[in-house]
Structure formats: structure tokens, C-alpha cells
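Chemist: Quick one: the structure is below, and I'll ask about it shortly.
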Amino acid sequence: MKKAFVCGFFSLMFLQPICADAYVDRPNAVVRIMNKAAGKVQLVTLPVGKEVKYEKLNMTVRTCKQTDPFEAEDFFMFIEISKTDNGKIFSGWMSANEPGDNPLQNADYDVWLVNCVQ
């Protein structure tokens, strides 16, 4: 209730929305990839909009967003992942704060979003 009042007051005072939920677009996503067969985990930086090949995976991040810096920090990305021998195996959103909600869990690989960076 207080937040709505304060946001409304400042919005009227400055004639612009002050407390809108905003996201900051970031040009790179950092993901953690686990190769289950090799038993190794690696951090990989993926540029938004470019296909990146990692072992048998082809990954394309469509967007990577950070929550408003004045709110609790969280990161979201939309990613498409395919395997060279299987075609598309994942397409969807991932959240850094909720890694168990929507990660890629494949027989060979697991992928989680860590954060979005400059």
C-alpha cells in the first residue's frame, strides 16, 4: 500500500512513472554447463543473438535481462539449445534465482543461467 502511494505521488510530481517494474537488457549471458559424461562443469559467456557451439550443443540466447537495480537482483534469459545429433532440445526462459524451475536437463548436459553481464 505504501509503495503504491509513494510511487503514485512521485509519478504525478515528475509526470513520469518512477516505480515501474523495469528490466535492464544485458548483451551477454553467463551459463553453467555440466557435461555429465565427462564429469566437468564450466562457466560459458554467451553473447545475445549469436549462436555459440559448446561441444555437442548449439546455443542461442535471444534476450538476457536483469531486474531493476533498485529491486531484488534476478536475471532472466530466453535461450534455444540444440544438439548436433538430436535437433532442438530446449527453448524457453531461465531464471538465475530459480535455477531448478526451468533448466536444461538432458541425458548428456545440464545448463543453468548464472547471470547477465555487460
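Chemist: For the cross-link pairs LYS50/LYS83; LYS36/LYS83; LYS40/LYS88; LYS50/LYS88, which exceed 19 Å when the distance is taken from alpha carbon to alpha carbon? Don't skip to the answer; put the middle values down first.
Modeler: Details: LYS50/LYS83 16 Å; LYS36/LYS83 15 Å; LYS40/LYS88 23 Å; LYS50/LYS88 16 Å.
In this structure, LYS40/LYS88 exceed 19 Å between Cα atoms.
Chemist: Further question: Count the net charge of all other residues whose Cβ sits under 13 Å from the Cβ of ASN115, scoring Lys and Arg as +1 and Asp and Glu as -1. Write out the running numbers ahead of the final one.
Modeler: Numbers: positive: ARG26, ARG32, LYS65; negative: GLU73, ASP74.
Taking every other residue near ASN115 into account, the sum is +1.
Chemist: Using a 1.4 angstrom probe, figure out how much accessible area the range 17-107 has per residue, in square angstrom, rounded to the nearest whole.
Modeler: On the way: 5250 Å² over 91 residues.
Accessible surface, normalised per residue, equals 58 Å².
Chemist: Based on the mean of other beta carbon atoms within 10 Å per residue, what is the order of 93-101, 34-42, 73-81, most packed first?
Modeler: Values: 93-101: 14.7, 34-42: 11.8, 73-81: 18.7.
Peptide ranking by packing, descending: 73-81, 93-101, 34-42.
Chemist: May I pose another question? Can you pull the Rg over Rh of the range 18-118, Cα-only, Kirkwood? Each step should come with its number before you reach the end.
Modeler: On the way: Rg = 13.7 Å, Rh = 13.8 Å.
Taking Rh as the inverse mean 1/r over Cα pairs, Rg/Rh reads 0.99.
Chemist: Then there is this: All other residues with a Cβ under 9 Å from the Cβ of SER95 taken together, and with Lys, Arg as +1 and Asp, Glu as -1, what is their net charge?
Modeler: Neighbour charge sum, excluding SER95 itself: -3.
The values are calculated or read from the model by the stated rules, or taken from the named source; none is laboratory data. Here the structure is a predicted model, which is why all the values come from computation and not from measurement. Every residue, glycine among them, receives a Cβ derived from its backbone with ideal geometry; neighbour counts consider all protein chains shown. When the accessible area is computed, the model is the full protein with side chains, heavy atoms only, and any ligands, DNA or RNA have been set aside. Shrake-Rupley method; radii C 1.70, N 1.55, O 1.52, S 1.80 Å.
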